[in-house]
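Notes follow the structure.
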Amino acid sequence: MLFGHSHLKQIHELLIREGKKEYNDLLQLRGYSDIRNLCLFIPHVLGSEAAVLIDDDEVFEDQGFMSKAKEFVGREVGGKAINAVAGYYLQPEKKVERNI
């Protein structure tokens, strides 16, 4: 799926019609946080069950990455609903941190 300025203009116009113009500033095609907002907003509007956000500088060597990325989404763990999962990070000493 490609998303460009013409699509963003349509979203902004829709938000204005719906009386939610104040959200337009949060949905832009510039700036890291604004683009992340769009990456979450678009799948939501399209009715997606899940969205996996992948940076343009990511490299995946694990063929099971997508399965692992979706492993807990929509489930309950320890009595808590899991609605979002952030990636794990390798620390300088190569220790993997994974918190649920």
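The set of residues in the stretch 48-70 that are farther than 22 Å from residue 36 by Cβ and either assigned to a loop (DSSP other than H, G, I, E, B) or in contact with an Asp or Glu (Cβ under 7 Å, 6 or more places away or on another chain) (or both) comprises 61, 62, 63, 64.
Filtered by the rule that a residue be more than 18 Å from the chain's Cα centre (by Cα) and under 23 Å from residue 34 (Cα atoms), the stretch 71-85 gives no residues. Close Cβ contacts (under 6 Å, 6 or more residues apart or on different chains) running from residues in the stretch 65-87 that are more than 14 Å from residue 49 (Cβ to Cβ) and loosely packed, with under 10 Cβ neighbours inside 10 Å to residues that are of a type in the set (Phe, Trp, Tyr) and modelled with pLDDT under 85 are absent. Per this entry, residue 59 is not counted among residues that are at pLDDT below 85, of a type in the set (Val, Ile, Thr) and surrounded by 10 or more Cβ atoms within 10 Å (Cβ to Cβ).
Residues checked against (1) over 25 Å from residue 83 (Cα atoms); (2) under 19 Å from the mean Cα position of the chain (by Cα); (3) modelled with pLDDT of 95 or more:
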residue: 3; (1), (2), (3): no, yes, no
residue: 9; (1), (2), (3): yes, no, yes
residue: 16; (1), (2), (3): yes, no, yes
residue: 30; (1), (2), (3): yes, yes, no
residue: 46; (1), (2), (3): no, yes, no
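Restricting attention to the stretch 6-19, the residues being surrounded by 10 or more Cβ atoms within 10 Å (Cβ to Cβ) and under 15 Å from residue 30 (Cα atoms) number 4.
The values are calculated or read from the model by the stated rules, or taken from the named source; none is laboratory data. Computed from a predicted structure; not experimentally measured. Neighbour counts run over all protein chains shown; Cβ positions are idealised from the backbone, glycine included.
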